[in-house]
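Enquirer: Right, I'll just put the structure down here and ask away after.
The values are calculated or read from the model by the stated rules, or taken from the named source; none is laboratory data. Nothing here was measured: the structure is a model prediction, and the numbers come from that model. Note: ideal-geometry Cβ built from the backbone for every residue, glycine included; neighbour counts use all protein chains shown. Please note that ligands, DNA and RNA were not included when accessible areas were found on the heavy atoms of the full protein model with its side chains. Shrake-Rupley method; radii C 1.70, N 1.55, O 1.52, S 1.80 Å.
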There are 4 protein chains.
Amino acid sequence: MTATVRVGVVGASGLAGGELIRLVGQHPHLKLTYLGGSSSVGKRPSELHPGMRQNHGLVVEAVDVDVIAERCDVVLLSTPAPVSAELAAGLADRVQCVVDLSGAFRIRSSEPHRRWYPKVERSDELADRFVYGVPELVGDEMVDASLISLPGCYATAITLGLAPLVFSLGLNIDRVLIDGKSGSSGGGVHLRTADLHPFRAGAITPYSPVGHRHAAEVGDFLERGKPGMVGSISMSAYGVSNVRGLLVSLYVLTEDEVDDRTLSRAYLRFYKGHQFVRVRRPGETMIPVPDPQATLGSNYCDVAALHDPDGKRIVVLGALDNLVKGAAGQALQAINMRYRFPEETGLTMQPLVPA
Amino acid sequence: MTATVRVGVVGASGLAGGELIRLVGQHPHLKLTYLGGSSSVGKRPSELHPGMRQNHGLVVEAVDVDVIAERCDVVLLSTPAPVSAELAAGLADRVQCVVDLSGAFRIRSSEPHRRWYPKVERSDELADRFVYGVPELVGDEMVDASLISLPGCYATAITLGLAPLVFSLGLNIDRVLIDGKSGSSGGGVHLRTADLHPFRAGAITPYSPVGHRHAAEVGDFLERGKPGMVGSISMSAYGVSNVRGLLVSLYVLTEDEVDDRTLSRAYLRFYKGHQFVRVRRPGETMIPVPDPQATLGSNYCDVAALHDPDGKRIVVLGALDNLVKGAAGQALQAINMRYRFPEETGLTMQPLVPA
Amino acid sequence: MTATVRVGVVGASGLAGGELIRLVGQHPHLKLTYLGGSSSVGKRPSELHPGMRQNHGLVVEAVDVDVIAERCDVVLLSTPAPVSAELAAGLADRVQCVVDLSGAFRIRSSEPHRRWYPKVERSDELADRFVYGVPELVGDEMVDASLISLPGCYATAITLGLAPLVFSLGLNIDRVLIDGKSGSSGGGVHLRTADLHPFRAGAITPYSPVGHRHAAEVGDFLERGKPGMVGSISMSAYGVSNVRGLLVSLYVLTEDEVDDRTLSRAYLRFYKGHQFVRVRRPGETMIPVPDPQATLGSNYCDVAALHDPDGKRIVVLGALDNLVKGAAGQALQAINMRYRFPEETGLTMQPLVPA
Amino acid sequence: MTATVRVGVVGASGLAGGELIRLVGQHPHLKLTYLGGSSSVGKRPSELHPGMRQNHGLVVEAVDVDVIAERCDVVLLSTPAPVSAELAAGLADRVQCVVDLSGAFRIRSSEPHRRWYPKVERSDELADRFVYGVPELVGDEMVDASLISLPGCYATAITLGLAPLVFSLGLNIDRVLIDGKSGSSGGGVHLRTADLHPFRAGAITPYSPVGHRHAAEVGDFLERGKPGMVGSISMSAYGVSNVRGLLVSLYVLTEDEVDDRTLSRAYLRFYKGHQFVRVRRPGETMIPVPDPQATLGSNYCDVAALHDPDGKRIVVLGALDNLVKGAAGQALQAINMRYRFPEETGLTMQPLVPA
């Protein structure tokens, strides 16, 4: 019989926080034992999240590291990066595992961390102890890990899209240009005029046309496996009218010749046994895929790689639900690996299509 | 140990058909053993439904009653009403249970059936054998039933909204005016210009301003429990920009005085033990509810009843996901009752909010 | 040659304010000479409104009654009702015409005004001097008027929908139940979580299920023409996913018999010569109408009246663009009447369909 | 006094056709005298286009070149490319001007035309006689032109975005990667399942991940002004949830150093006097621009050019309303140039924001 792991969520009122509560609640081996927050102290989950019925007998509590250490085996930090940095320092070695969903520990190298997260003070020693990455690539390191940092939603799709090219096909990549398109839930809940429905509903908006830190995060990670990647990655990010879901387009410039069939085989082989990554061909279903709408509510990341016959480039597409595979679902996937549960435990929900 | 029930789905390519495949696939005691269709013969589920990964080893087959009888314990008919009428006749007593999601057997009385479904020829004797209704109200009759007819998506929300007033509070209802607002998936997949994205995306459109057969269906059902209801129900239905979800507003005219507290208590008592009906107060969460977005992907129907201090009326609101509680989820709920499984088996997924 | 009227807009940063700037800017006989505001002082129109190019050489100024009186012939108040009440008192008789778009002077009778606008202190004497109403009905009173109060967006559609029944057909109306469906721009710009895109994008939400002051406003107006209307009107209002546009459904209960043909003729006759009201039949075009998407960006209000063969009711539908015919467009229509310009001057833009 | 030009529209039932009827109807010097079509023969404009009121006394007629030649000075072809090719051949020199909105004559060079439009047979001699291009760049050639071919909606935004780099700054461009994001009206009206609202409403879909003929069209045009451009342009195109509007992102790879200030100045200088091109900075207004929602319903194309400090690239953004500046509005702009009317005649409508 599998033991039950006691789980706490800090940042219970946010979008990812709500999704963590939802998914922990339907996981057979996890039990929600603590909710932490700041502005929402005293509220039950159902008061914060309109669809939620179950409250797990909990209300949001002001964050207290001692209480968390006593009540939780695992704590999920769905908090702003500066808060995560502080909480992780306080909770390391006091719970079995800290899983951080913020950017505080994503970039391991000190200098780029300071450049991209100038307001996030952290100990580089602590950062070195974190296992960072998508479970498909670094899952082995997650077994029994005490500190786990999860990639951003964009970084997850980008990494899963690039990994077979970099690690399996070993292409000479001159440059990667990333175009990211995301729904509004990717930006979290902030009371800004531009995020009000009348303005965001019709948007195709260049909110980050140059310089997105998820590109730096991916570069920092890939550089360790294949030196030379940092600096060759540029990213531009756009907001579109959806609420959930993101699509990344990776325009990979290479002089190497490789055809669609080779690409497809390499991707299928690379992700064999990793059921949450679906290798797709754009025309295989009734709508062109990868399209995040075909992943909604699921932990799938859909990827496809195509050779452009007109140019020296490969187009890689990656789609996922930013709140599931891009956040809460991936967090549970990491916990599954941490505790040697089957990877898909509690994550078998199929996409809600159409929605 | 619970035996596995073999389930067939006819109408596998439609929206409700896809949802049935999805939900049967995640039910612990059901096994998908047959898929029937017409235009999609030879296709695998993943070719028809963009989000679907699992194919259950099946392809869609041309409908053959003998094959169905051999391979299925339960057959779910997600077919146009005339097809359902014919298939139900052929399958009755040859499988353990036929569950029809069409309108073929919803109106039991012969005359109104012919008025509202003039093209659906059926045997009235066969119609009499069907158990019709929402599982919350007629679940006892569903135990061991061999023929089950499920209400339309609108009719489900209307019936659940009216039942406590009619059956518990026993109000003298002069008249019920229904205003229904529905997303585009409620209309199914039809290649019509008005259903193309450019025209449907911005619509608040009176597609059925007078005369909707779901009103007749509800009237026919309630009449049996409380004579006098037929004829007092009028309905107007509108299409809005959502894909999933519907909201019904029931404007119940009555001279009887009843306050919000009495209403709330009566609804809570009536639905005690029925976990899929959530009795709501509009201000209880961050967005006003009932709102179908708070039920998306779940089998919940949210209801609220409010007294209007300005007029002699009660406003009842009902919201649900038309493809789940309004179709496929409710079908599995009925099967759970048919086989004495716990009502919520395979249906515990929580709403996807926001989406 | 027509003289140019100097126009000021107070409330320049709001949605209706932006629309006023846009429409005044394309009117041949109006010249924008003043912009007033509070939070946006010092900003140019193009900084406040993302689509705007023309700044008319103006920046928003802190409101100063003397400055307005000096620089404007007409002042448009697109301000909260308490602000409008105060400004109207200060500006009456100091400019040629004050046009108020708020609720401050809509309900003429003192008692209902205080009930529905408890925070809006106004002089009842001043209120009596205002011409209130839709230009189609009270346009004659607007000629040379010095104080004009314009109906709310819902009230405009409701009044135009009911007027032919009340004033022309003279039906005995037992009761009117109104169901209003509106896009998010109807609520203005407020930094509330429920108005953020992730939550509002999927909403079909009962934000005002009982008690809407636009019903009281319409009742107060109609009562003067046909006593007995107050109290017979109930309203429930819902928010849907659109940004612009509203549809009102008026369920008019009557024992009088009247067929569709009679209704249609009466409406056509009543609105003959009023080109902004289009009498429609639901099936006359490719999408069912009235649908606000067919009025987007125009000053049209589409209406249709249908007899329900199943019940003793008439269904009246009214659709418009809440920011044009429901606000800024109607304001210019009123100014046209005030100055005896042809009613359609500057308002001939056709609907943007599809959008 | 300006003479009135008699205008015919062939392809009256399509989206661009409807927009042409709308805009010709509000142009002071144009008069609609002919409507041609195939499936919609006998219908009035208001039956085909739900928002339209004015019918101009016309019904759609089966296409007859002799009738067109008799009744029209200018004929606008909003027809599929093969139909345009045939009609242009028949109408050349029989009317004062043929304006083609299809792809039939966009690519002047014979070989690439055959590659990208294999089904469009045309005379290369006739093609040579066409003036092709955006009016801002080739307007002088349009004066008194008898044959005008207008760029595709994407090609318009791309060309306007690239022109200052290519023709004014004279940068050494190694490569241009284009990412296009478009609403559903860009694809026209086709009865395909993937275009039905339930599937298109949630899409972020790679409908043309490699090989888009608008890239070839732009390359063919720029090559004439700056040899070497063909082959360096790659394009990927995506469908998003909007109905109207498109955004192109041009990732321009160059070793040349150029800063934002230089870029901005060059663009402002290049488009000085061209009022329909607005040079933007992303943070200049409340939402990041260029965003097509800030151009909706107008003839504006918003452009911005940014240097990426992290990489050797310039990011150019271009946004427009595909049915106005990308089709019908640009057609009227061309006619204005053809007849020496002021460029903005009949096109002064400001964007509808928010919508």
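Enquirer: Could you tell me which residue of segment C:198-218 is most open to solvent (accessible area, probe 1.4 Å), considering only residues that are under 22 Å from the mean Cα position of the chain (by Cα) and in contact (Cβ under 8 Å) with a residue 40 or more places away in the chain?
Expert: C:Arg213
Enquirer: How many residues are among the charged types (D, E, K, R), touching a Ser or Thr at 6+ places or on another chain (Cβ under 9 Å) and within 10 Å of chain C (Cβ to nearest Cβ) when one looks only at segment D:12-42?
Expert: Going through segment D:12-42 one residue at a time, the tally reaches 1.
Enquirer: OK, next. Mind telling me which of the residues C:Thr295, C:Thr262 ends up being buried (at least 20 other Cβ atoms within 10 Å of the Cβ) and touching a residue at least 12 places away in the same chain (Cβ under 8 Å)? Spell out the reasoning first.
Expert: On the way: C:Thr262 fails: buried (at least 20 other Cβ atoms within 10 Å of the Cβ).
Among C:Thr295, C:Thr262, only C:Thr295 is buried (at least 20 other Cβ atoms within 10 Å of the Cβ) and touching a residue at least 12 places away in the same chain (Cβ under 8 Å).
Enquirer: Is it true that D:Gly36 is under 30 Å from C:Val303 (Cβ atoms), modelled with pLDDT of 95 or more and either out of contact with any strand residue (DSSP E or B) (no Cβ under 7 Å at 6 or more places or on another chain) or of a type outside the set (Asp, Glu) (or both)? Let's see the steps before the verdict.
Expert: Values: under 30 Å from C:Val303 (Cβ atoms): no; modelled with pLDDT of 95 or more: yes; either out of contact with any strand residue (DSSP E or B) (no Cβ under 7 Å at 6 or more places or on another chain) or of a type outside the set (Asp, Glu) (or both): yes.
Judged against the criteria, D:Gly36 is not a match.
Enquirer: Could I ask something else about it? It is to be established whether one or more residues within segment A:302-324 are polar (S, T, N, Q) and open to solvent by 10 Å² or more (accessible area, probe 1.4 Å). Spell out the reasoning first.
Expert: Initially, segment A:302-324 is screened for residues polar (S, T, N, Q), giving A:322.
Remaining after also requiring open to solvent by 10 Å² or more (accessible area, probe 1.4 Å): none.
The answer is no, given that none of the residues of segment A:302-324 is polar (S, T, N, Q) and open to solvent by 10 Å² or more (accessible area, probe 1.4 Å).
Enquirer: Has segment A:167-186 got any residue that is of a type in the set (Lys, Arg) and closer than 30 Å to C:Gly186 by Cα?
Expert: yes
Enquirer: Here is a further query. Can you name the condition, by its number, that B:Met286 falls short on among (1) open to solvent by 30 Å² or more (accessible area, probe 1.4 Å); (2) aliphatic (A, V, I, L, M); (3) more than 10 Å from chain C (Cβ to nearest Cβ)?
Expert: It is condition (3) that B:Met286 fails.
Enquirer: What number of residues within segment C:327-355 are away from chain D (no Cβ under 14 Å), open to solvent by 10 Å² or more (accessible area, probe 1.4 Å) and touching a Ser or Thr at 6+ places or on another chain (Cβ under 8 Å)?
Expert: So the answer is 1.
To keep it simple, each residue is scored yes or no on (1) over 27 Å from D:Met286 (Cβ atoms); (2) modelled with pLDDT of 95 or more.
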| position | (1), (2) |
| --- | --- |
| C:Leu30 | no, yes |
| C:Arg53 | no, no |
| C:Ala88 | yes, yes |
| C:Asp93 | yes, yes |
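So that you can scan it fast, the table gives a plain yes or no per residue for (1) over 30 Å from C:Val10 (Cβ atoms); (2) within 14 Å of chain B (Cβ to nearest Cβ); (3) out of contact with any Phe, Trp or Tyr (no Cβ under 7 Å at 6 or more places or on another chain); (4) not in a strand (DSSP E or B):
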| site | (1), (2), (3), (4) |
| --- | --- |
| C:Glu257 | yes, no, yes, yes |
| C:Arg261 | yes, no, yes, yes |
| C:Ala266 | yes, no, yes, yes |
| C:Gln275 | no, no, yes, yes |
| C:Gly297 | no, yes, yes, yes |
| C:Val316 | yes, yes, yes, no |
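Enquirer: I would also like to ask the following. For segment B:123-146, which residues satisfy the criterion of being under 12 Å from B:Arg106 (Cα atoms), open to solvent by 40 Å² or more (accessible area, probe 1.4 Å) and not acidic (Asp, Glu)?
Expert: B:Arg129, the sole residue that qualifies.
Enquirer: Continuing with the same structure: Out of (1) without any contact (Cβ under 8 Å) to a residue 24 or more places away in the chain; (2) buried (at least 20 other Cβ atoms within 10 Å of the Cβ), what's the single condition that is false for C:Gly273?
Expert: The single condition C:Gly273 does not satisfy is (2).
Enquirer: Next question. Examine segment D:113-128 for a residue that is touching a Leu at 6+ places or on another chain (Cβ under 6 Å) and among the hydrophobic types (A, V, I, L, M, F, W, C), and state whether such a residue exists.
Expert: No: zero hits.
Enquirer: Pick out the one residue from C:Val98, C:Val83 that is under 21 Å from the mean Cα position of the chain (by Cα), open to solvent by 10 Å² or more (accessible area, probe 1.4 Å) and of a type in the set (Val, Ile, Thr).
Expert: Of C:Val98, C:Val83, the one residue that is under 21 Å from the mean Cα position of the chain (by Cα), open to solvent by 10 Å² or more (accessible area, probe 1.4 Å) and of a type in the set (Val, Ile, Thr) is C:Val83.
Enquirer: Are any of the residues in segment B:173-194 farther than 27 Å from C:Arg281 by Cα and buried (at least 19 other Cβ atoms within 10 Å of the Cβ)? Full working, then the answer.
Expert: At the first step, the residues of segment B:173-194 found to be farther than 27 Å from C:Arg281 by Cα are B:173-174.
Checking the rest, the ones that are also buried (at least 19 other Cβ atoms within 10 Å of the Cβ) come to B:173.
Yes, segment B:173-194 contains at least one residue that is farther than 27 Å from C:Arg281 by Cα and buried (at least 19 other Cβ atoms within 10 Å of the Cβ).
Enquirer: Please go through segment B:28-55 and give me each residue that is in a loop (DSSP other than H, G, I, E, B) and open to solvent by less than 10 Å² (accessible area, probe 1.4 Å), ordered by number.
Expert: Answer for segment B:28-55, where residues must be in a loop (DSSP other than H, G, I, E, B) and open to solvent by less than 10 Å² (accessible area, probe 1.4 Å): B:Ser40, B:Pro50, B:Gly51.
Enquirer: I need the full set of residues from segment C:219-242 which are part of a loop (DSSP other than H, G, I, E, B), within 8 Å of another protein chain (Cβ to nearest Cβ) and open to solvent by less than 10 Å² (accessible area, probe 1.4 Å), in order please.
Expert: If the condition is that a residue be part of a loop (DSSP other than H, G, I, E, B), within 8 Å of another protein chain (Cβ to nearest Cβ) and open to solvent by less than 10 Å² (accessible area, probe 1.4 Å), then C:Val240 is the only one that fits.
Enquirer: How many residues does segment D:139-197 contain that are part of a loop (DSSP other than H, G, I, E, B), under 15 Å from the mean Cα position of the chain (by Cα) and within 14 Å of chain B (Cβ to nearest Cβ)?
Expert: Looking only at that region, the number is 2.
Enquirer: Go through segment A:243-255 and give me each residue that's more than 10 Å from chain D (Cβ to nearest Cβ) and farther than 27 Å from D:Ile287 by Cβ.
Expert: A:Val252, A:Thr254, A:Glu255
Enquirer: Looking at A:Gly346, A:Gly318, which is the one that is over 30 Å from A:Ile173 (Cβ atoms) and at pLDDT 95 or above?
Expert: When all the criteria are applied, what remains is A:Gly346.
Enquirer: A further question follows. (1) away from chain B (no Cβ under 14 Å); (2) open to solvent by less than 30 Å² (accessible area, probe 1.4 Å): which one isn't true of A:Asp66, the others all being true?
Expert: (2)
Enquirer: Follow-up question, since we're still on this one. Any idea how many residues of segment D:243-259 are at pLDDT below 95 and either of a type in the set (Ser, Thr, Tyr) or surrounded by 19 or more Cβ atoms within 10 Å (Cβ to Cβ) (or both)?
Expert: The number of residues fulfilling the criteria is 1.
Enquirer: Please determine, by comparing only the residues of segment D:1-26 that are in a loop (DSSP other than H, G, I, E, B) and under 19 Å from the mean Cα position of the chain (by Cα), which one is surrounded by the most Cβ atoms within 10 Å (Cβ to Cβ).
Expert: D:Ala12
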